[in-house]
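Trainee: Would you mind keeping the following structure in view while I ask a few things?
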């Protein structure tokens with residue numbers, strides 16, 4: 001781990017540097033007369049686990065989040081790719097396995113046909129035009145999925161609503177389906193849509209609204 005230092009004090013001295021055994025965790029540095037600086041003491045800053053994590057040291061507490069991506073699609077490929085780098089476990093739900101190419105299959109921890117096996121996951125439906133839309137959403141809503149959403153533009157009618165009503169799903173359960181998904185970053189391409197979606201899920205898991213305003217008081221809720 002790369003230490004962080006702070007300047008403690010200045011006293012007279014000559015050009016040398018040494019560890020200060022009298023003060024644990026401190027480093028004593030002196031500069032020569034040419035530098036116009038006397039003897040100084042630099043000490044470690046207070047330990048901050050969040051800073052260590054941001055520098056790539058340590059690991060996030062708890063079990064890795066699980067992402068269930070429904071339907072093989074261009075967006076699904078990017079969702080799985082980005083989620084892998086976030087340390088998430090990715091499962092692809094695809095009722096027609098022949099649609100899954102070798103690359104997407106290899107990137108997923110598992111490929112399943114049934115959305116009733118997504119307990120505890122964040123569920124993202126990546127294609128709202130598939131005829132199985134209502135069925136997979138109904139099945140996902142019947143699990144302990146943490147979050148369920150379906151991609152789609154707010155400018156267009158939401159096809160999942162009539163599809164779920166035709167299957168007898170209650171309005172309360174239909175209201176649990178998020179649409180659109182992700183943060184509003186003006187995403188258009190599959191990669192941008194996937195980035196927006198995962199950013200929104202990370203924000204939601206951490207109890208944050210997303211955007212450029214930071215609330216230091218808010219804590220993760222996962």
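Trainee: Given the conditions (1) touching a helix residue (DSSP H, G or I) at 6+ places or on another chain (Cβ under 6 Å); (2) touching a residue at least 60 places away in the same chain (Cβ under 8 Å); (3) within 22 Å of residue 95 (Cα to Cα), and given that residue 151 satisfies all but one, which numbered condition is not satisfied?
Mentor: For residue 151, the exception is condition (1).
Trainee: Now a separate question. Determine, yes or no, whether residue 156 is touching a residue at least 24 places away in the same chain (Cβ under 8 Å) and more than 14 Å from the chain's Cα centre (by Cα).
Mentor: Taking the combined requirement at face value, the residue does not satisfy it.
Trainee: I'm trying to understand the selection: among the residues of segment 154-170, which are closer than 26 Å to residue 188 by Cα and out of contact with any helix residue (DSSP H, G or I) (no Cβ under 7 Å at 6 or more places or on another chain)?
Mentor: Result: 154, 155, 156, 157, 158, 162.
Trainee: Tell me the residue from 122, 114, 127, 102 that is in contact with a strand residue (DSSP E or B) (Cβ under 9 Å, 6 or more places away or on another chain) and over 25 Å from residue 187 (Cβ atoms), please.
Mentor: 114
Trainee: Hey, any hits in segment 101-111 for a residue that's modelled with pLDDT of 95 or more, part of a strand (DSSP E or B) and more than 21 Å from residue 196 (Cα to Cα)?
Mentor: Looking for residues that are modelled with pLDDT of 95 or more, part of a strand (DSSP E or B) and more than 21 Å from residue 196 (Cα to Cα), one finds at least one in segment 101-111, hence yes.
Trainee: Inside segment 159-214, can you point out the residues that are more than 25 Å from the chain's Cα centre (by Cα) and assigned to a loop (DSSP other than H, G, I, E, B)?
Mentor: Across segment 159-214, the qualifying residues are 159, 167, 168, 169, 170.
The values are calculated or read from the model by the stated rules, or taken from the named source; none is laboratory data. Just so you know, these numbers come straight off a predicted model, no measurement behind them. Because the Cβ atoms are built from the backbone with ideal geometry, glycine has one as well, and the counts that use them run over all protein chains shown.
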